[in-house]
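Shown next, in structure tokens, is the structure this report addresses.
The values are calculated or read from the model by the stated rules, or taken from the named source; none is laboratory data. Worth saying up front: this structure is predicted, and the values here are computed from it rather than measured. Don't worry about glycine lacking a Cβ; one is built from the backbone with ideal geometry, like all the others, and counts go over all protein chains shown.
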Amino acid sequence: MIETTLWHPVAGSDALAGTPLALRLLAQDLVLWRDETGRARAFADRCPHRGTRLSLGHVVQHGGQAALECPYHGWRFGGDGGCVLIASQPSFSPPASHAACAHEAQEAHGLVWVRLQPGDSALPAFDAGTDPQLRTLLCGPYDVATSAGRIVENFLDLSHFGFVHDGWLGERTHVETPAYTVQPTPAGFIATGCQAWQPQSNRLSTEGSWVDYHYELTAPFSAVLTKLPQAQDGYRDVIGLFVCPLDEERSRVWFRLAVTDHDSSDDALRAFQHTIFTQDQPVLESQQPKRLPLAGGEVHCAADRSSAAYRRFLLERGIRFGAIA
Ligand code: FES
Ligand SMILES: [Fe+2]
């Protein structure tokens with residue numbers, strides 16, 4: 001499965017502290033923990049001894065280093081997965097075959113990312129996250145009962161605003177979607193020239209405005225949206241969508257905000273994003289099939305240029321998790 005060679009977000013960095021965290025990624029159970037240097041470590045959530053969930057265990061100190069201790073017979077595993085102690089045979093040096101199954105992990109954009117299989121894939125870009133003029137904030141996670149593909153496609157979709165987000169990101173009196181352009185990039189594609197009429201484009205907007213939208217698909221399950229409200233000179237909202245495919249029809253979603261709004265509280269910014277996404281969520285969870293049909297099965301119109309490009313992209317890249325080809 002090609003998806004296993006990609007980096008996926010699995011947890012907010014802040015959510016990972018001293019306790020092991022049980023997670024799911026691409027229908028596999030994982031345990032996430034921090035070693036003595038604070039580095040995030042990801043293992044298969046299964047002890048090589050008798051298959052117990054390591055996430056029920058504890059992070060302990062072992063010879064000056066942190067180790068993950070299994071709850072059943074107390075075997076201990078170091079950051080690289082190697083077994084460092086078999087409690088019942090303390091003088092025995094465990095061989096490599098006794099190691100936990102370790103995966104690569106790293107942190108970026110306020111999230112911990114895991115790759116199940118080695119490869120040359122890059123982390124999805126979010127350049128706005130390091131722009132000193134913008135303030136960053138993580139929103140989520142949201143657990144959504146649908147495929148990752150349905151969630152990304154909804155994020156790229158402009159023509160639902162007047163219905164799903166009436167009075168906020170759209171208005172029933174302005175539902176016509178002006179033409180826009182889609183161009184491929186090495187990582188995905190960009191959609192430019194998008195425009196939407198928005199009564200309440202962001203927390204600070206005081207009047208309705210045309211808003212210029214720029215979308216970028218940065219990886220199969222990541223996208224970045226830049227919003228420039230014409231009525232707010234110099235204001236910019238950049239929203240990164242990062243979706244973890246838990247199972248084929250279950251996903252976990254984070255939004256990384258990078259915005260000009262330096263005044264609103266974190267809670268107020270999150271509340272705005274929460275309002276918008278909880279308008280999307282019931283619609284997303286109602287869609288059948290939950291897996292994204294990549295070739296046929298649903299019909300498009302000209303406003304769906306991005307959706308059509310997204311489905312083509314997944315088809316061409318061989319992405320099949322949560323999809324119907
Ligand atoms: S099952 Fe983990 S130590 Fe025995
Ligand atoms: Fe929406």
>> Need the failing condition index for Arg76 against (1) closer than 30 Å to Ala128 by Cα; (2) surrounded by 14 or more Cβ atoms within 10 Å (Cβ to Cβ), just the number.
In response: (1)
> Just a yes or no: is a residue in region 231-252 buried (at least 21 other Cβ atoms within 10 Å of the Cβ), among the basic types (Lys, Arg), in contact with a Lys or Arg (Cβ under 8 Å, 6 or more places away or on another chain) and farther than 19 Å from Gly110 by Cα?
Replying inline: no
> Here are some residues: Pro220, Pro186, Pro199. Which one is at pLDDT below 95, farther than 19 Å from Ala302 by Cα and either assigned by TED's automatic domain parsing to the domain that holds Leu294 or within 27 Å of the chain's Cα centre (by Cα) (or both)?
Replying inline: Pro199
> Just one of Ala223, Ala219, Ala231 is away from ligand 1 (no atom under 16 Å from the Cβ), aliphatic (A, V, I, L, M) and either touching a Cys at 6+ places or on another chain (Cβ under 6 Å) or farther than 18 Å from Phe155 by Cβ (or both); which is it?
Replying inline: Ala231
>> Of everything in region 144-176, what is more than 13 Å from ligand 2 (Cβ to nearest atom), buried (at least 22 other Cβ atoms within 10 Å of the Cβ) and part of a loop (DSSP other than H, G, I, E, B)? Give them in sequence order.
In response: Thr146, Ser147
> Among the candidates Phe277, Phe313, Phe255, Phe272, which residue alone is in the same structural domain as Ile190 (by TED's automatic domain parsing) and assigned to a strand (DSSP E or B)?
Replying inline: Phe255
>> If a residue must be of a type outside the set (Asp, Glu), outside any loop (DSSP other than H, G, I, E, B) and out of contact with any strand residue (DSSP E or B) (no Cβ under 6 Å at 6 or more places or on another chain), how many such residues does region 291-310 contain?
In response: 5
> Within region 262-301, restricting attention to residues that are surrounded by 12 or more Cβ atoms within 10 Å (Cβ to Cβ) and of a type in the set (S, T, N, Q), which residue is farthest from Leu156 (Cα to Cα)?
Replying inline: Ser264
> Of the numbered conditions (1) within 19 Å of Leu156 (Cβ to Cβ); (2) within 20 Å of the chain's Cα centre (by Cα); (3) hydrophobic (A, V, I, L, M, F, W, C), Val259 satisfies every one except a single condition; which is it?
Replying inline: (1)
> Within the set of pairs 6+ apart or on separate chains, which have a first residue in region 311-325 that is in contact (Cβ under 8 Å) with a residue 40 or more places away in the chain and closer than 19 Å to Asp157 by Cα, a second that is part of a helix (DSSP H, G or I) and among the basic types (Lys, Arg), and C-beta atoms under 9 Å apart?
Replying inline: Gly322/Arg150; Ala323/Arg311
> Which pairs have Cβ atoms under 7 Å, sit 6 or more apart or on different chains, and link a residue in region 122-147 that is assigned by TED's automatic domain parsing to the domain that holds Lys227 to one that is assigned to a helix (DSSP H, G or I) and of a type in the set (Gly, Ala, Ser)?
Replying inline: Leu134/Ala128; Thr136/Gly129
> Restricting the search to region 109-128, which residues are farther than 30 Å from His214 by Cβ and buried (at least 16 other Cβ atoms within 10 Å of the Cβ)?
Replying inline: Leu116
> Can Gln106 be described as polar (S, T, N, Q) and surrounded by 13 or more Cβ atoms within 10 Å (Cβ to Cβ)?
Replying inline: yes
>> Checking Val112 against (1) in a strand (DSSP E or B); (2) within 15 Å of ligand 2 (Cβ to nearest atom); (3) touching a helix residue (DSSP H, G or I) at 6+ places or on another chain (Cβ under 7 Å): exactly one of these is not met. Which one?
In response: (2)
> For region 19-45, how many residues meet the condition of being surrounded by fewer than 19 Cβ atoms within 10 Å (Cβ to Cβ) and more than 18 Å from Gly110 (Cβ to Cβ)?
Replying inline: 10
> Counting only residues that are among the basic types (Lys, Arg) and assigned to a helix (DSSP H, G or I), how many does region 120-143 have?
Replying inline: 0
>> Is it the case, given these coordinates, that Thr218 is touching a residue at least 24 places away in the same chain (Cβ under 8 Å), hydroxyl-bearing (Ser, Thr, Tyr) and over 20 Å from Ala196 (Cβ atoms)?
In response: yes
